[in-house]
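Novice: This structure is in structure tokens; I'll ask about it shortly.
The values are calculated or read from the model by the stated rules, or taken from the named source; none is laboratory data. In this text the structure is predicted, and so the values were computed from the model without any measurement. Cβ placement follows ideal geometry from the backbone for every residue including glycine, while neighbour counts extend to all protein chains displayed. Ligands, DNA and RNA are excluded from the accessible area calculation, which covers all protein heavy atoms including side chains. Shrake-Rupley method; radii C 1.70, N 1.55, O 1.52, S 1.80 Å.
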Amino acid sequence: YSQVPPTPDWQLRNLMDLEIQDLAQQSGGALSADYNLLPAQDANSGVDTVLLALAKDEALERLQGELAEAGGSAVAFVPNCTALYNAFLKCGPVDPDSVVCLANIGHETIDVALVKGTDLLFARNLSGGTKVVDEAIASAFNVAPRKAESLKKDLLDLDPQSRGRYASSQAEKVTLAAGPAAGAIAAAIQSSLSFCKAQTKIADLRLDRVLLAGGGARLRGLRGMLRESLRCPVELFDPFANADLSALPPEDQEQLVAMRHEAVVALGLAVGRLDDSLYSLEILPESVKRRLRFQQRTVWNVVAGLLAAAMLVLLAIDARREAEATESGVAALRRKLNATQAVHQAAAQEIEENKKQRALVDHLAGQAMPGTVLLRTLRAVAERLPSQLWATRVEVLPAQTTGTGSNQKRRTTLVFEGAGKEIDGVDANAVYDTFVKQVRADLEKAGLGLAMVPSGSTDGSIRFKITVTEGG
């Protein structure tokens, strides 16, 4: 177990490689290893716990040789404790609030996994198993291992409730001889719990249940002994009760029923390869790593090179086709450009001619506008002018341009000055206002504005000035 701060995958890989190299130097031999993170029990701790599984290469090579002699091969080596955990995840009685100890008791090893709900807290592989019980009986009775195993199956009874009530004196002697060795199984579980408390920093960690698997789980009275030692329920772990076995041939079903406790780890190994969502911890021998590297890198590099060469040939062919198409397109565009330029030149000539025509029209309009204003003003004045008033001067001022852009307008201003006096007893001031109203109305109809500036005199005469503006 190793605790590291949360790091990216590549950095974690480098840290683990360094630790594996250090452990290999300490062990005096080459090691193969794999690692995986354990679920965090304290989100605020700021550290990740890494479970590191190691094996000596010479041991893996020996196992590979044995498999090859039997006609098999190794894809990877998986610790039994993690296979036991995967079997529990897939087919076990998972309780989200319970702390369960999974113990696979084999002939030479004990595999332990401590699980809280679905989280793996701790896992370890221990030497020991039922072999130590056989050795204790063989030593006490000075018999061969095969005979000791027979005595174990026939006479051993580890249940505390059987004390003083053994089936025979021989059964009592066998139990007393094997008792201390069998107690090592309980000690292995208790020590695993202590290690787990130290590892997870959960001081009040308590077991809610123990599930036993493996051939050693069949020892008579073992569950009673563990129940007394661990002070929690102890049951047999049977994941096959939740598995569909209908597709198995009848003879395979019978064999599985007979060895269902021994097959728990095999089930965990199988489901671990089939279900990617389960916990993965696979130790790969160096030979397997080299083969995988060849398959994953070298082979694919060769294939990638061939594909790259094929792609280059295809790209060259496509490039040639595109070049030919581009040349044809350029020629077509050149023809279109020439035609467009001819149209552009003709349009430019037309625009220039239009400008000249517009300037001429504007000039003529400018010349025509004052005459129009003068004519309309004189017509209105001549029709409305009474005998008491007369004109003294008429002046057309230069046209002024107002506004900007499309709102530009040229305005012509005309100044009409006059005078008046009393004639036939009619005062000039009396007819002046009527004259102004009539002339203003006539000019407004013609789109002309009118401004009057009268000036009176003491002798009844009047002088006035009319300013007429085109457009009001």
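Novice: Assuming Val94 fulfils every condition listed in (1) over 34 Å from the mean Cα position of the chain (by Cα); (2) not in a strand (DSSP E or B) apart from one, which condition is it?
Specialist: Failing condition for Val94: (1).
Novice: Go through (1) under 25 Å from Asp119 (Cβ atoms); (2) in contact (Cβ under 8 Å) with a residue 40 or more places away in the chain; (3) open to solvent by less than 70 Å² (accessible area, probe 1.4 Å); (4) over 29 Å from the mean Cα position of the chain (by Cα) and name the single condition Glu19 misses.
Specialist: Looking at each condition in turn, Glu19 falls short on (2).
Novice: Whether any residue in segment 102-116 is aliphatic (A, V, I, L, M) and either modelled with pLDDT under 90 or surrounded by fewer than 15 Cβ atoms within 10 Å (Cβ to Cβ) (or both) is what I want to check.
Specialist: No, the conditions are met nowhere in segment 102-116.
Novice: Another one. Does Ala83 qualify as being open to solvent by less than 40 Å² (accessible area, probe 1.4 Å) and farther than 28 Å from Leu211 by Cα?
Specialist: no
Novice: Looking only at segment 65-76, decide whether some residue is closer than 29 Å to Gly216 by Cβ and surrounded by 16 or more Cβ atoms within 10 Å (Cβ to Cβ).
Specialist: So far as segment 65-76 goes, yes, one or more of its residues are closer than 29 Å to Gly216 by Cβ and surrounded by 16 or more Cβ atoms within 10 Å (Cβ to Cβ).
Novice: Is it true that Ala138 is touching a helix residue (DSSP H, G or I) at 6+ places or on another chain (Cβ under 7 Å) and touching a residue at least 24 places away in the same chain (Cβ under 8 Å)?
Specialist: In short, no.
Novice: Hey, another quick one. Which residues, taken from segment 35-51, are in a strand (DSSP E or B) and either more than 16 Å from Ile202 (Cβ to Cβ) or free of Cβ contacts under 8 Å to residues at least 12 places away in the same chain (or both)? Write out each step before concluding.
Specialist: Taking segment 35-51 first, the residues in a strand (DSSP E or B) are 35-37, 48-51.
Hits for segment 35-51 are Tyr35, Asn36, Leu37, Asp48, Val50, Leu51.
Novice: Moving on to the next point. For segment 204-289, please list each of the helices (runs of 4 or more DSSP H) lying entirely inside it that holds at least 1 residues being under 40 Å from the mean Cα position of the chain (by Cα). Spell out the reasoning first.
Specialist: Numbers: elements: 222-230, 250-258, 264-274.
Because the criterion is at least 1 residues that are under 40 Å from the mean Cα position of the chain (by Cα), the helices (runs of 4 or more DSSP H) in segment 204-289 that meet it are 264-274.
Novice: So if I check each of Arg231, Arg260, which one is of a type outside the set (A, V, I, L, M, F, W, C) and either farther than 30 Å from Asp157 by Cα or surrounded by fewer than 13 Cβ atoms within 10 Å (Cβ to Cβ) (or both)?
Specialist: Unique residue meeting the criteria: Arg231.
Novice: Only one residue in Gly418, Gly447 is closer than 13 Å to Thr377 by Cβ and modelled with pLDDT of 80 or more, so which one is that?
Specialist: Gly418
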